[in-house]
Amino acid sequence: MTDSTTDYLQDLIARMGTVEQTADSRDSVSWKACREAETLDDLSLLPLLEAIIATHPKPKERQIRCDAYFVYGKILKNHFTEEGCAYLIGRLTMEKNKYALYPLLDLLRDLPIPAEMDIAPILQCVRHEQWTVRYSAIRALGACSAEESREALRWYLRQEDEKTYRQEIIYAQASLGRIGTPEDIPLIEPRLRSRSRDVKLSAEIAIERIRARAAGEPDPWEPSR
C-alpha cells in the first residue's frame, strides 16, 4: 500500500463529495465517482479506508466518512470478507446521525451477512426513532438469515395497527421474502387481505419467494446475474 493509493482514495472521496449543477446528474463528477467506486474489489484498500474514517471523526466530517463507507461497502459487495462486514456493522455504534446511519445500513443490505455474525447494532436500529434509519435497518436484516433477524421482522408483522406500521410491514415482508422459512408464512398470510395494495403485494411476493426457496426452486424475484 503506497502513498499514491491513499492519494487515489482521497481523490475519489473528494470527487464523490463534489457539489455542482448539471443538466443531467449522470454528467456530474460525483455520479461518475460513485460509479467508479462500484467497480473496486481490491481488499488492500480496506485498511486505508478505515484510516480515513478514523482520522475524520468530527460531525462536520460526516460526509467524508459516509463516502468512505460507500467505497468500503462496494468493495465488500464485489469481494466479500467477514472481517470487513463486521467492521461496517460495528461502525453503526459509532455513528449517531441518521444521515450516517441509514446509508451504512443500506450498504449492509447488499452483503451476505453470516448468520453467526453479531448483528446487535443492526437490531438496535430496527425500532429507531428516525424512520429513515428504521426502514433501512429492517431491509438490512434481509441480508442475514439468523433467527434473531427473522424474529425482529416478525415483531412488525404482529402489529395490528397497519396504518401506523404500514411501511415497516412492507419492508419486513420483503426481508422475510429473502430469509424467511415456511414457518413464517402463517404470519404473513393475513396481510393478503390487507386493504393496502402495497402491503398485500409485498405479502404475495414474500410468500412466493419463501415457497420457491423451500422447494429448491430459483427465486422468481431475484435479479438474474
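The values are calculated or read from the model by the stated rules, or taken from the named source; none is laboratory data. It should be emphasised that the depicted structure is a prediction, and the values quoted were computed from it without experimental measurement. Ideal geometry is used to build each Cβ from the backbone, glycine not excepted, and the neighbour counts take in all protein chains shown.
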Quiz prompt | When residues of the stretch 128-137 are limited to those that are more than 12 Å from residue 172 (Cβ to Cβ) and either out of contact with any Cys (no Cβ under 8 Å at 6 or more places or on another chain) or of a type in the set (Val, Ile, Thr) (or both), the one surrounded by the most Cβ atoms within 10 Å (Cβ to Cβ) | solution = 133
Quiz item: How about the stretch 41-52: which of its residues are part of a helix (DSSP H, G or I) and either under 19 Å from the mean Cα position of the chain (by Cα) or not β-branched (Val, Ile, Thr) (or both)?
Solution: 45, 46, 47, 48, 49, 50, 51
Practice problem: Can you give me the number of residues within the stretch 205-220 that are surrounded by fewer than 16 Cβ atoms within 10 Å (Cβ to Cβ) and either farther than 13 Å from residue 180 by Cβ or touching a Pro at 6+ places or on another chain (Cβ under 8 Å) (or both)? | Solution: 8
Quiz item: So, in the stretch 1-33, of the ones that are assigned to a loop (DSSP other than H, G, I, E, B) and either among the hydroxyl-bearing types (Ser, Thr, Tyr) or in contact with a Lys or Arg (Cβ under 6 Å, 6 or more places away or on another chain) (or both), which residue ends up modelled with the lowest pLDDT?
Solution: 2
Quiz prompt | Filtered residues of the stretch 58-93 (kept if outside any helix (DSSP H, G or I) and in contact (Cβ under 8 Å) with a residue 12 or more places away in the chain) | solution = 79, 80, 81, 92, 93
Practice problem: Answer yes or no as to whether residue 123 is at pLDDT 95 or above, closer than 18 Å to residue 85 by Cβ and either crowded, with 24+ Cβ neighbours inside 10 Å or in contact with a Lys or Arg (Cβ under 9 Å, 6 or more places away or on another chain) (or both). | Solution: no
Self-check item: Selection from the stretch 1-51 of residues that are among the hydroxyl-bearing types (Ser, Thr, Tyr), in contact (Cβ under 8 Å) with a residue 24 or more places away in the chain and surrounded by 15 or more Cβ atoms within 10 Å (Cβ to Cβ)
Solution: 6
Quiz item: Any residue at all in the stretch 142-151 that is under 15 Å from the mean Cα position of the chain (by Cα) and surrounded by fewer than 20 Cβ atoms within 10 Å (Cβ to Cβ)?
Solution: yes
Practice problem: Determine which single condition residue 53 fails, assuming it passes every other condition in (1) in contact with a helix residue (DSSP H, G or I) (Cβ under 9 Å, 6 or more places away or on another chain); (2) at pLDDT 95 or above; (3) more than 17 Å from residue 107 (Cα to Cα). | Solution: (3)
Quiz item: Somewhere in the stretch 211-225, is a residue among the polar types (S, T, N, Q), free of Cβ contacts under 8 Å to residues at least 12 places away in the same chain and more than 30 Å from residue 93 (Cβ to Cβ)?
Solution: yes
Quiz item: Within the set of pairs 6+ apart or on separate chains, which have a first residue in the stretch 187-210 that is without any contact (Cβ under 8 Å) to a residue 24 or more places away in the chain and under 14 Å from residue 157 (Cβ atoms), a second that is assigned to a helix (DSSP H, G or I) and of a type in the set (Gly, Ala, Ser), and C-beta atoms under 7 Å apart?
Solution: 192/203
